[in-house]
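For reference, the structure is listed below as structure tokens.
The values are calculated or read from the model by the stated rules, or taken from the named source; none is laboratory data. Keep in mind that this is a model prediction, so the values were computed, not measured. Here Cβ is always computed from backbone atoms with ideal geometry, including for glycine, and neighbour counts include all displayed protein chains. Surface accessibility is based on the protein's heavy atoms, side chains included, excluding ligands, DNA and RNA. Shrake-Rupley method; radii C 1.70, N 1.55, O 1.52, S 1.80 Å.
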Amino acid sequence: MSPYALSVLMSSLAIGTITTLSSTHWFLAWMGLEINTLAIIPLMTNKHHPRATESATKYFLTQATASALILFSTAINAWTLGEWTITNLNPMSSTILTIALAMKLGIAPFHLWLPDVLQGLNLMTGLILSTWQKLAPMALLILINHQLNSNLLVTMAILSTIIGGWGGLNQVQMRKIMAYSSIAHLGWMILILTFSPTLTILNLMIYILLTTSMFMMMINLYSTNINKLATSWLKTPTISASMMITLMALGGLPPTSGFLPKWLILQEMTKQHMSLISTIMAMSALLSLFFYLRLSYTISLTTAPNISNSNLMWRTQLKPLSALSTTIVLSLLLMPITPLLLTIT
């Protein structure tokens, strides 16, 4: 892709998200979401392959449906209340809007598009879809958190964590595994949304850090499935070891950064006298933890060190991405500064 076209598309992505984040009018927020959607589709189809075209088509249809629902719900809200302000919603508009934003994010039961779309993209576009594209819809949910139906959110959260864990169990493609990981993490975010938006923001920040680290390491190792991941130790042992620990952080094992949001969310849910839901969430997190540990064993214990018969790159030819070391450190060592993070968010 031409550098000029790439710069225009990346700028449009930034402008769309910033427009939605800074808007107080529903129509302006909707325009920001549309700019975001239209800017990423050329990035998806940059690789001329039928899978990329299929992914872009599925993504466009899903996002267009969600955008139509958002416009429909805000039009109903403007008709009944006489204003377009984001912070005022009637119950019917709130329910439709929650469903539309869940469809945009890929929250269960509106998650079916996400694994297939992510599988057809290259790793860098997959990184953008898994991180940057979550910001605008999640910001809207956080803005209207006090007007949302908490029962609907809790139901979708439990479904997301169970489906995100169960769906990833039999996957061998890394992008599909990251898609189901995204669904499970989004479930944790929306579970606590109406009770403590601060914890939702903290969870979103740590999810973006962990996912960015994983995708950057996959880009560096050219690993798109478990078989390629199994020979990554021959390429760069340091990055392979870091990936193993990052996978454990995604699973929420202490003392990594991934344990922090799960711990705080379960603590808050217990304070809200929702012990049964907390137990279900903790048990469903074990499903996700299983396939993260399976990947960790694939990298470290079961296959390395071995000799591969395929032609591999020399280690000196691999150039780590500049931000990789920073994201890895942040992914692993945020636990000691928990009080500071809670003060900032």
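I'd like the carbon and sulfur percentage of the solvent accessible area for region 133-207, probe radius 1.4 Å, heavy atoms only, ligands and nucleic acids excluded.
Of all accessible area on region 133-207, carbon and sulfur atoms account for 62 percent.
Kindly state, as a whole number, the per residue volume in cubic angstrom of the convex hull around the alpha carbon atoms of region 1-148.
With only Cα atoms used, region 1-148 gives 88 Å³ per residue.
For Leu9, Leu276, give me the order by solvent-accessible area with a 1.4 Å probe, most accessible first, ignoring ligands, DNA and RNA.
Leu276, Leu9
Find which of Met216, Asn36, Met281 sits farthest along the positive direction of the dipole of the chain, computed with +1 on the beta-carbon of Lys and Arg, -1 on that of Asp and Glu, about the Cα centre.
Met216
Compute the accessible area per residue over region 1-148, keeping the other protein chains in place, probe 1.4 Å, unit Å².
Accessible area per residue, region 1-148: 42 Å².
Enter the accessible area per residue of region 201-277 (Å², integer; probe 1.4 Å; all protein chains in place).
For region 201-277, the solvent-accessible area averages 36 Å² per residue.
Given a 1.4 Å probe and heavy atoms of the protein chains only, how would you sort Tyr297, Tyr180, Tyr4, largest accessible area at the top?
Tyr4, Tyr297, Tyr180
Among all the lysines, which ones have a C-alpha under 22 Å from Lys262's C-alpha, if same-chain residues fewer than 8 places away are not counted?
List returned: Lys134, Lys271.
Could you work out which residue, out of Ala68, Ala184, Ala29, moves most in a Gaussian network model of the chain, that is, has the largest mean-square fluctuation with Cα springs under 10 Å?
Maximum fluctuation in the GNM of the chain, among the listed residues, is at Ala68.
Any lysines with Cα under 19 Å of the Lys47 Cα? List them, leaving off those in the same chain fewer than 8 positions away.
Output for Lys47: Lys58, Lys176.
Report, largest value first, the span of the C-alpha coordinates of region 159-255 along each principal axis, in whole Å.
Principal-axis extents of the Cα atoms in region 159-255, largest first: 47, 25, 21 Å.
Can you send over the carbon and sulfur percentage of the accessible area for region 41-132, probe radius 1.4 Å, protein chains only?
71 percent
Can you give me the span-like helices of the chain, meaning DSSP H runs with 30 Å or more of Cα extent along the axis and Kyte-Doolittle mean at or above -1.0?
Both cut-offs are met by 50-81, 197-221, 275-299.
Please give the solvent-accessible surface of Phe290 in Å², to the nearest 10, using a probe radius of 1.4 Å with every protein chain present.
Surface open to solvent at Phe290 totals about 120 Å².
Given the C-alpha centroids of region 207-286 and region 72-138, what is the distance between them in whole angstrom?
Each part reduced to its Cα centre gives a spacing of 24 Å.
What does the charge dipole of the chain about its Cα centre add up to, to the nearest 20 debye, if the Cβ of each Lys and Arg holds +1 and the Cβ of each Asp and Glu holds -1?
820 debye
Can you give the calculated 222 nm mean residue ellipticity of the chain, where each DSSP H run of n ≥ 4 adds -39,500 (n - 2.57) and the sum is split over every residue, rounded to the nearest 500 deg cm²/dmol?
-24000 deg cm²/dmol
Write down the radius of gyration of the chain and its Dmax, each obtained from C-alpha positions, in Å.
In order Rg, Dmax, the Cα atoms of the chain give 20.1, 70 Å.
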